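To start, the structure itself, in structure tokens.
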């Protein structure tokens, strides 16, 4: 059921348009979080590109020429020129996922119409991957792209999805899933601070990682939400907020089902994990609509989407991401630490009542590529450090008998003194450094343990 055009709705629509024209990101964030979000797809066609850094033209619509240039598409290119680019390594998997798309929405008139939609979805995903070949496709990216396909006009889809992929969900498009899993560690911190009893009840289900939240956060909830109206409204706030907001939203969903979770025994982590993973698909839609997150969730006790967003916003305000213990383990090049938060920047730089000048468009896709490769290097360094620590532990365990007799500090101290006297490098040619002592000294030094 569409939102009725009463005076309040009409006024809000104008507020959305004005905020887009002014580049008032703080106001857009406020409007995205209020009832109904941006209200209509017509307004989303203006607001979503603006939130992703695409400017408006003189008529107040997303600037097609600027959008194309920002995606690396020249004015001389025709719409199919990307097809001549080298194939991306993940195209076979893309096609497998596209074949399973459009399960819940929209309702196609016939098979031919559905086939056309799938062809357009495949083209959108593959064009982005070919234009940015360093990106790695992940299963669920097609769910996100499906929403953009159904909401945005064709000329805006590629540049908008490209900026989303490179600047907002880049952590999920790395060669490994490590960065995505690392983000999940913020969720237990949020729950522990906001609701200690609930966090304690879910401790076993969250060990070693809260993988139950991976599908929702990885796909911006597009894999779980079964209504186009609800997921589009949810995208409003996810695009208007910093990327970490997705984790606060999951925490809000968990808190909304607190009673049901406590009814499941804490010593049944597998059952709790199953229940938690299904929560995003059991959550209600907006007030004044009959659109629910899933077809089977229309009961009156389902928490409304507006309420969840409000609770998530309160959690983000009370427990900012940079104050969470797990924040320290997030890579410096992660989207969580590099994505623009222009709403906060504006609110601090001028009164909330007006935006005199729109801020600059922020990061470019070239910046995103640089950060992508930096992140890859950070992950590789972290993996080498992890392997070295594991080797040190193995050596320490293997020679625990001799070390018990002389003590680790004395043993390593003797090695350090011998190194200084001999002038040999760690693991070098001193005859003293042989056998287990040399091996242990070398390994300890590689992980940053230096004595003497």
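What are the residues in the stretch 212-227 that are in contact with a helix residue (DSSP H, G or I) (Cβ under 6 Å, 6 or more places away or on another chain) and touching a residue at least 40 places away in the same chain (Cβ under 8 Å), if any?
Once the filter is applied, which keeps residues that are in contact with a helix residue (DSSP H, G or I) (Cβ under 6 Å, 6 or more places away or on another chain) and touching a residue at least 40 places away in the same chain (Cβ under 8 Å), the stretch 212-227 yields 212, 213, 216, 218, 219, 220, 221, 222, 223, 224, 225.
For the stretch 157-179, filtered to residues that are touching a residue at least 40 places away in the same chain (Cβ under 8 Å) and more than 15 Å from residue 132 (Cβ to Cβ), the residue that is surrounded by the most Cβ atoms within 10 Å (Cβ to Cβ) is 179. Which of the residues belonging to the stretch 304-322 are farther than 15 Å from residue 187 by Cα and either touching a helix residue (DSSP H, G or I) at 6+ places or on another chain (Cβ under 8 Å) or crowded, with 19+ Cβ neighbours inside 10 Å (or both)? Passing the criteria: 305, 306, 307, 308, 309, 310. Just wondering, is there one or more residues in the stretch 226-240 that are farther than 30 Å from residue 160 by Cβ and assigned to a loop (DSSP other than H, G, I, E, B)? Within the stretch 226-240 (the criterion being farther than 30 Å from residue 160 by Cβ and assigned to a loop (DSSP other than H, G, I, E, B)), the answer is no, since none of the residues qualifies.
The helices (runs of 4 or more DSSP H) located wholly in the stretch 152-211 that include 1 or more residues which are under 30 Å from residue 228 (Cα atoms), modelled with pLDDT of 95 or more and touching a helix residue (DSSP H, G or I) at 6+ places or on another chain (Cβ under 8 Å) occupy 154-167, 178-184, 186-194. Comparison of 59, 77, 42, 65 shows that the only residue that is surrounded by fewer than 18 Cβ atoms within 10 Å (Cβ to Cβ) and at pLDDT 95 or above is 42.
Counting the residues of the stretch 89-107 that are surrounded by 14 or more Cβ atoms within 10 Å (Cβ to Cβ) and under 14 Å from residue 119 (Cα atoms) gives 7. When each of 202, 214, 218, 239 is tested for being farther than 15 Å from residue 308 by Cβ and surrounded by fewer than 22 Cβ atoms within 10 Å (Cβ to Cβ), the lone residue that passes is 214. The helices (runs of 4 or more DSSP H) falling completely within the stretch 299-357 that include 3 or more residues that are at pLDDT 95 or above map to 305-318, 335-338. Looking only at the stretch 3-50, residues that are more than 23 Å from residue 242 (Cα to Cα) and in contact (Cβ under 8 Å) with a residue 40 or more places away in the chain come to 2 in all. State all residues of the stretch 20-39 that are surrounded by 23 or more Cβ atoms within 10 Å (Cβ to Cβ) and farther than 23 Å from residue 150 by Cβ; if no residue qualifies, say none. 24, 25, 27, 29 - these are the residues of the stretch 20-39 that are surrounded by 23 or more Cβ atoms within 10 Å (Cβ to Cβ) and farther than 23 Å from residue 150 by Cβ. Checking every residue in the stretch 5-18 against the condition of being assigned to a helix (DSSP H, G or I), in contact with a strand residue (DSSP E or B) (Cβ under 7 Å, 6 or more places away or on another chain) and at pLDDT 85 or above gives zero matches. Annotation: residue 171 fulfils all but one of (1) within 17 Å of residue 329 (Cβ to Cβ); (2) in contact with a strand residue (DSSP E or B) (Cβ under 8 Å, 6 or more places away or on another chain); the unmet one is (2). Scanning the stretch 108-131 turns up no residue that is surrounded by fewer than 16 Cβ atoms within 10 Å (Cβ to Cβ), in contact (Cβ under 8 Å) with a residue 24 or more places away in the chain and out of contact with any helix residue (DSSP H, G or I) (no Cβ under 7 Å at 6 or more places or on another chain).
The values are calculated or read from the model by the stated rules, or taken from the named source; none is laboratory data. All values reported here derive from a predicted model rather than from experimental measurement. In this analysis, Cβ positions are derived from the backbone assuming ideal geometry, glycine residues included, and neighbour counts consider all displayed protein chains.
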